[in-house]
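One structure is given here, and the rest of the page talks about it.
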């Protein structure tokens with residue numbers, strides 16, 4: 001493994017671009033490979049076996065592109081597949097988890113809320129977080145069907161998106177939540193609308209920057225941090241052969257991107 005090798009990042013779709021954005025800010029000299037598995041999005045309503053198989057197949061692809069580390073920029077894939085991925089692959093793998101700990105530290109009302117997919121909320125990882133940090137606070141868990149699809153379509157502020165967020169956030173505010181955790185990497189692209197609906201008294205927590213810092217720490221500890229002086233590059237792949245996906249990635253990345261189509265990668269059966 002060489003320090004000049006790229007970093008692989010993947011998500012069920014375009015949501016992981018919120019993490020990629022923070023990685024670029026934290027590590028401007030690193031080369032980044034991003035895979036949007038938009039042909040199988042959203043993961044939140046898929047069987048665990050399919051998510052594990054897709055995660056393993058995509059990591060195999062990124063390893064074939066000489067990735068020196070992997071960021072699983074998807075809370076659902078983390079909850080379902082991270083243990084299998086770390087058992088199968090020896091390179092550093094950095095994973096998402098809902099930022100419950102900082103939310104517990106921040107809340108004044110003693111009530112925090114987590115917006116996530118149903119699969120993330122039902123995961124063993126989330127159960128452990130709840131057990132570790134939920135003793136002295138009330139943690140409200142809100143599944144948000146439909147929000148991933150809105151981001152995948154690039155619909156960040158329309159009437160349908162607003163109506164969905166109002167439906168999910170209003171009951172949390174009524175129960176006294178003063179801190180909302182974005183437990184899906186798609187949701188930071190809706191943060192402005194969530195803040196507008198929740199109001200200025202509510203804090204919105206996005207773990208993406210913390211993941212980028214953890215990636216730096218892991219690369220440094222493994223002597224894999226790039227020492228190059230040139231600006232890093234990005235390459236984007238998608239499993240959805242659609243012009244819409246390229247347009248949405250360009251919209252969210254705030255730059256016109258060349259999108260490559262992920263070659264047919266057979267689903268790797270989970271161990």
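Read the figures in this text as sums done on the coordinates, not as results from a lab. Every value quoted in this text rests on a predicted model; they were computed, and no experiment measured them. Reconstructed Cβ throughout: ideal geometry from the backbone, glycine too, with neighbour counts over all protein chains shown.
Numbers for the structure displayed
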{"read-out": "Contour minus Cα-Cα distance for residue 196 and residue 214 (0.36 nm per residue)", "value": "3.5 nm"}
{"read-out": "Contour excess over end-to-end distance, with Cα ends at residue 118 and residue 166 and 0.36 nm allotted per residue", "value": "15.5 nm"}
{"read-out": "Estimated 222 nm signal from helices in the chain, with DSSP H stretches of n ≥ 4 weighted -39500 (n - 2.57), rounded to 500", "value": "-13000 deg cm²/dmol"}
{"read-out": "Helix 159-174 axis, angle to the chain major axis (alpha carbon atoms, nearest 10°)", "value": "60"}
{"read-out": "Length released on extending from residue 25 to residue 89, taking residue separation times 0.36 nm less the Cα-Cα span", "value": "20.4 nm"}
{"read-out": "Euclidean distance between Cα centres, segment 37-86 to segment 185-255, Å", "value": "16"}
{"read-out": "Two-site FRET efficiency, residue 264 against residue 106, from Cβ-Cβ distance with R₀ of 41 Å, rounded to 0.05", "value": "0.35"}
{"read-out": "Estimated D of segment 100-206 in µm² per second, where Rh is the Kirkwood radius over Cα pairs and Stokes-Einstein applies at 37 °C, 0.692 mPa s", "value": "238"}
{"read-out": "Separation of the residue 251 and residue 132 label points, Cα + 7 Å toward Cβ, nm", "value": "3.6"}
{"read-out": "Per-peptide average of other Cβ atoms within 10 Å, ordering 43-49, 117-123 highest first", "value": "117-123, 43-49"}
{"read-out": "In nm, spacing of pseudo-spin labels at residue 242 and residue 65 (7 Å Cα→C-beta vector)", "value": "2.0"}
{"read-out": "Estimated distance in nm for a label pair at residue 159 and residue 230, the labels positioned 7 Å out from Cα along Cα-to-Cβ", "value": "5.0"}
{"read-out": "Reported label for calculated volume of the Cα convex hull per residue in Å³ given (i) 137; (ii) 122; (iii) 231", "value": "(ii)"}
{"read-out": "Between segment 116-147 and segment 1-33, the alpha-carbon center distance in angstrom", "value": "26"}
